[in-house]
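The values are calculated or read from the model by the stated rules, or taken from the named source; none is laboratory data. Nothing here was measured: the structure is a model prediction, and the numbers come from that model. No Cβ is skipped: glycine too gets one built from the backbone with ideal geometry, and neighbour counts run over all protein chains shown. Areas reflect the complete protein model, heavy atoms only, side chains present, ligands, DNA and RNA absent. Shrake-Rupley method; radii C 1.70, N 1.55, O 1.52, S 1.80 Å.
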Amino acid sequence: MAANHTTSMQKPSSSGYKNYCLKILKSLIPLIVILTIFTLIDIFYVSGFANMKFLTPGNVSQVIGQTVVIAIGAVGMTFIIVSAGIDLSVGSLVALAGVMATWTIMAILNEDGSNIAIAMTAGLFVGIATGAVVGLVNGSVINLGKLPPFIVTLGMMEIVRGLALQWANGVPVTGLPSAFRQLNNTGFTFDTGRELIIIPYSLFVLIAVGFIGTFILRKTVFGMQVYAVGSNENTARLCGVNVERVKLYVYMIGGLTAGIAGILHASRLNSGQPGEAIAMELEVIAAVVIGGGSLMGGEGTVLGAVIGAFIIKFLRNGCNLVGVSPYMQRIVIGLIIIIAVYVDQMRRKSATVKKT
């Protein structure tokens, strides 16, 4: 399996691109179904009582702002899951990165209130670096201790959450400059005459992160090695892949994207909240799985994970507008994840039977 990936990455074939496009199209089908269902509800059912405004520019803009954080986290998680790993510390890391970024900004502003640009730059750097360092620790412990990623990142989830609460003394970091809030609350505005269309700035951050992630995973030797390690670790090692280094880098990438997501999440809240993003890792993992990633490793795309994040958020948004309780929404999301994993298992068994 690893050898197959190696060959396909060295000499990209038309069938490889065709398969990639088919995977993306399959990922888009659930999103199209969800958009169609809630749009029809909006037109034929709810409109007689109250317009829920599902596919209006304002609502779509709001969903994009909410999705960006999950989607960016899912980009990094794609690398980890493709390598047959898992990271349960993402939610806590989003909270810690937000706290560290906002705390740094306020610390500099308290010293010199005129240096907003320097404070912002330093805060962004510290937030992203915090994520990368925690990812580095995750990868190092997994490699050195030969421990299961599930156990290591489960422990790290508690450690990082504790660090966030300890650093912020259990209270949100507030008083941030308006420039920080604008990162994930404002954007380019267009007046159609009937409604303002806002394209969030954070969407461009997601596009940049997604593009870089796709390029690394599909067009570089490292990306080829990530697929190889996830497909068969022993075979990858025999082929000369430095498995430990690949694992270290994928967890660093996962931490780095979680750091970016943490900054945007803090921007949306206009504060660094150590108790936020609880269980966000489940949404991030779900986005990758729903987008076609396999928890068995060796399969997954960045674009599919981003689409998976939009599926989750549009589903939640539509349910909220219709009046479905949050408890029922969790049940629905859980069922979708189970179905996605079941379909993946059936597909793998079918592929194995065909080979034999």
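Observations on the model:
- Linear extension gain, GLU244 paired with MET346, 0.36 nm per residue minus alpha-carbon span: 33.7 nm
- Using a cutoff of 8 angstrom between alpha carbon atoms and counting only pairs six or more residues apart, the relative contact order for the chain works out to 32 percent.
- Across segment 210-215, rounded Karplus estimates of 3J(HN,Hα) from the backbone phi angles (6.51 cos²θ - 1.76 cosθ + 1.60, θ = phi - 60°) give x, 5, 5, x, 5, 4 Hz, Gly and Pro being marked x.
- Accessible area expressed per residue, the chain, with surrounding protein chains retained (probe 1.4 Å, Å²): 49
- Atom-type composition of the exposed protein surface of the chain places 68 percent of the accessible area on carbon and sulfur (1.4 angstrom probe).
- In this structure, the residue pairs whose Cα-Cα separation is over 25 Å, taken from LYS26/LYS349; LYS23/LYS219; LYS26/LYS53; LYS53/LYS313; LYS247/LYS313, are LYS26/LYS53; LYS247/LYS313.
- Full extension of the segment from PHE44 to ARG194, taken as 0.36 nm per residue of separation minus the current Cα-Cα distance, would add 51.7 nm.
- Taken as Cα centroids, segment 176-246 and segment 253-317 sit 11 Å apart, rounded to the nearest whole angstrom.
- FRET efficiency for ILE24 and VAL332, using Cβ-Cβ distance with R0 set to 22 Å, rounded to 0.05: 0.40
- Here's the picture: charge each Lys and Arg Cβ at +1 and each Asp and Glu Cβ at -1 in the chain, and of GLY293, GLY240, GLY155 the one pushed furthest to the positive end of that dipole is GLY240.
- In Hz, Karplus ³J(HN,Hα) per residue of segment 229-240 (6.51, -1.76, 1.60; θ = phi - 60°; x = Gly, Pro): 5, x, 6, 6, 4, 5, 5, 4, 5, 5, 7, x
- Shape of segment 148-260 from the C-alpha gyration tensor: oblate (a/c of 1.5 or more and a/b not above b/c, with a ≥ b ≥ c the square roots of its eigenvalues).
- Amide hydrogen proximity for GLY275: with H placed 1.01 Å from N in the peptide plane, no residue at 5 or more positions away or on another chain lies under 5 Å.
- Put a plus charge on the Cβ of each Lys and Arg, a minus charge on the Cβ of each Asp and Glu, and nothing anywhere else: the dipole of the chain about its Cα centre is then about 1280 debye.
- Between LEU55 and ALA107, the modelled labels are 4.9 nm apart [label points 7 Å from Cα along Cα→Cβ].
- Amide H partners (placed H, <5 Å) of GLY187, local residues excluded: TYR201
- Max mean-square fluctuation residue, GNM over the chain, Cα-Cα springs under 10 Å, options THR104, THR214, THR39: THR39
- Most fluctuating residue given options ALA305, ALA168, ALA208, as computed from a GNM of the chain linking Cα atoms under 10 Å: ALA208
- Largest to smallest principal axis extent of the C-alpha atoms in segment 78-168, angstrom: 48, 25, 20
- Whole-Hz ³J(HN,Hα) from phi, Karplus 6.51 cos²θ - 1.76 cosθ + 1.60, for segment 195-207, glycine and proline x: 7, 7, 9, 10, 9, x, 4, 5, 4, 6, 5, 4, 4
- In this calculation the C-beta distance from ALA208 to PHE150 is compared with R0 = 30 Å, giving a FRET efficiency of 0.45.
- Candidates VAL68, VAL82, VAL246: whichever shows maximal mean-square fluctuation once the chain is modelled as a Gaussian network with Cα springs under 10 Å: VAL246
- Within the full protein context, the accessible area of TRP103 is estimated at about 110 Å² for a probe radius of 1.4 Å.
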